[in-house]
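Novice: Sharing a structure below in structure tokens format, with a few things to ask.
Nothing in this text is a laboratory measurement; each read-out follows from the coordinates by a stated rule. Computed from a prediction, not measured in an experiment: that's the story for all the values here. Here the Cβ positions follow ideal geometry from the backbone for every residue, glycine too, while neighbour counts run over all protein chains shown.
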Amino acid sequence: MKIIVAPNAGLCYGVKRALTLAKETRRKRGGRVVSLGDIIHNPQVITDLREKGIDSVADISEVRGGTVIIRSHGVSPDMTRALKRRKIDVVDATCPIVTRIQDLVARLARAKQEIIIVGDPNHPEIRGLIGHSRGFGHIIENEAQAAQLPVRKKRAVLAQSTQDMVLFEKVVGALLRRTGELCAFNTICRSTQTRQRATSELAAQVDVLFIVGGASSSNTRKLYEISKRILRRTYFIENAGQIKPAMLRGASTIGISGGASTPPEAIEDAVRTIEQAFEHNSTRKEIRVP
Ligand code: SF4
């Protein structure tokens with residue numbers, strides 16, 4: 001049995017940077033330190049941060065003094081203004097790549113251009129981006145919604161930084177049929193593209209593939225969907241405890257990949273669990289063989 005871990009599986013640059021900034025802030029500043037929303041979509045890491053004195057709040061109304069960390073997804077200008085109005089100390093851990101996408105949206109909005117943002121309307125990055133669009137942005141999730149849009153002479157399209165590349169290409173194709181002059185910006189970050197490519201290549205060469213990550217992590221879910229299109233035996237697991245013997249049955253090559261918010265320990269745990277399961281299985285096989 002062979003285990004192959006996808007290159008670049010696990011924490012991306014932006015999430016690592018946000019975690020480092022949060023921990024540094026905790027070390028250097030007194031008072032309460034909270035993040036606005038979970039800093040990472042991973043329950044184990046959230047528990048660890050809480051134990052280190054970094055809580056998360058869902059809304060700024062819950063902030064009473066101390067310091068607020070803006071996570072890698074960024075926030076809307078309205079939120080930035082609200083934090084300023086309330087004189088809350090802020091540490092901005094927005095991923096610089098997300099900041100560049102926000103600036104692009106703001107620039108297109110200043111030019112009064114219609115902006116189609118391809119992403120999940122409930123995702124914090126998208127809520128932040130739409131806030132930068134000053135009413136010129138529309139969020140769509142798929143090709144079918146793109147095909148419903150009215151015909152326009154001109155519009156721009158861009159994507160959530162963790163969008164599925166194949167889906168984005170389909171949306172751009174649908175918009176080309178409904179737009180005279182379409183400016184398409186590939187805002188899917190390089191780390192996401194590399195991760196998606198590595199996961200699909202891995203799915204094509206293994207018998208079973210585990211995608212490890214938090215259930216609420218949208219980029220991990222996308223990796224799962226990408227792999228599932230290629231390999232039926234793809235499983236989305238939050239932790240190694242969810243790996244069941246039936247999932248491994250008959251497999252000789254097993255792949256493991258993880259999203260941008262998957263800590264390296266979660267990947268290592270999955271590898272160890274599979275190695276242990278196979279030791280156990282091989283023993284049983286030896287006993288059965290006459
Ligand atoms: S997925 Fe890309 S854009 Fe998003 S936080 Fe990570 S590095 Fe930044």
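Novice: Compute the angle between helix 96-110 and the longest alpha-carbon principal axis of the chain, please, reported from 0 to 90 degrees and rounded to the nearest 10.
Specialist: Result, in degrees: 40.
Novice: Over the C-alpha atoms of segment 13-94, what are the Rg and the largest Cα-to-Cα span, Dmax, in Å?
Specialist: When restricted to the Cα atoms of segment 13-94, Rg and Dmax are 11.6, 34 Å.
Novice: Check cross-link reach from K23 to the lysines: straight Cα distance under 17 Å, and skip same-chain residues fewer than eight apart.
Specialist: K52
Novice: Another question about this same structure. Which order do the peptides 238-244, 12-18 come out in when sorted by mean C-beta neighbours inside 10 angstrom, highest first?
Specialist: Details: 238-244: 16.1, 12-18: 21.6.
Packing order, densest peptide first, comes out as 12-18, 238-244.
Novice: Same structure, new question: Applying 1/(1 + (r/R0)^6) with R0 = 30 Å to the Cβ-Cβ distance of E51 and I4, what FRET efficiency is obtained, to the nearest 0.05? Working shown, then result.
Specialist: Numbers: r = 33 Å, r/R0 = 1.11.
With a Förster radius of 30 Å, E is 0.35.
Novice: Give or take rounding to whole Å, what are the principal axis extents of the alpha carbon atoms in the chain, in descending order?
Specialist: 77, 56, 24
Novice: Let me ask something else. Apply the a/c threshold of 1.5 to the C-alpha gyration tensor of segment 141-290 and tell me whether it is rounded, prolate or oblate. It would help to have the intermediate numbers written out before the result.
Specialist: Working: a/c = 3.74, a/b = 2.72, b/c = 1.37.
Taking the square roots of the gyration eigenvalues as a ≥ b ≥ c, segment 141-290 is prolate.
Novice: If contacts are Cα pairs under 8 angstrom and at least 6 residues apart, what is the relative contact order of the chain in percent? Numbers along the way, then the final one.
Specialist: Working: 538 pairs, mean separation 59.9, N = 290.
RCO, the chain: 21 percent.
Novice: Something else: Lys and Arg at +1, Asp and Glu at -1: add these up for the other residues within a Cβ distance under 13 Å of D269 and post the number.
Specialist: Values: positive: R272; negative: E238, E265, E268, E275.
Summing Lys/Arg as +1 and Asp/Glu as -1 gives -3.
Novice: List the aspartates and glutamates whose Cα lies under 15 Å from the Cα of K170, skipping any in the same chain that are fewer than 8 positions away.
Specialist: E141, E143
Novice: Further, regarding this structure: Within 13 Å, Cβ to Cβ, of G180, how many net charges do the neighbouring residues add up to if Lys/Arg are +1 and Asp/Glu are -1? Show your work: numbers first, answer last.
Specialist: On the way: positive: R152, K153, K154, R155, R177, R178; negative: E114, E181.
Net of charged neighbours comes to +4.
Novice: Provide the packing ranking of 251-259, 142-150, 90-98, i.e. peptides ordered by the mean count of other C-beta atoms within 10 Å per residue, highest first. Let's see the in-between values first.
Specialist: Details: 251-259: 23.8, 142-150: 14.0, 90-98: 18.6.
The peptides rank, most packed first, as 251-259, 90-98, 142-150.
Novice: Turning to a different aspect of this structure: Taking amide hydrogens as modeled 1.01 Å from N in the peptide plane, which residues meet the under 5 Å criterion relative to R152, leaving out close sequence neighbours?
Specialist: Excluding prolines and chain starts, which carry no amide H, the hits are T179, G180.
Novice: Give me the dipole magnitude in Debye, nearest 20, for the chain about the Cα centre, with unit charges on the beta carbon: positive for Lys and Arg, negative for Asp and Glu.
Specialist: Charge dipole of the chain: 820 debye, to the nearest 20.
Novice: Related question: Enumerate by residue number the trypsin sites (Lys or Arg not before Pro) in segment 107-145 meeting two conditions: DSSP loop (anything except H, G, I, E, B), and at most 13 other Cβ atoms within 10 Å of the site's Cβ. Write out the running numbers ahead of the final one.
Specialist: Details: sites: R107, R110, K112, R127, R134; in loops: K112, R134.
Within segment 107-145, the qualifying trypsin sites (Lys or Arg not before Pro) (loop, at most 13 other Cβ atoms within 10 Å) are K112.
Novice: Hey, another quick one. What does the charge count near I46 come to, summing +1 for each Lys or Arg and -1 for each Asp or Glu among other residues with Cβ under 13 Å from its Cβ? Mind showing how you got there, number by number?
Specialist: Working: positive: R50, K52, R71; negative: D38, D48, E51, D55, E238.
Residues near I46 contribute -2 overall.
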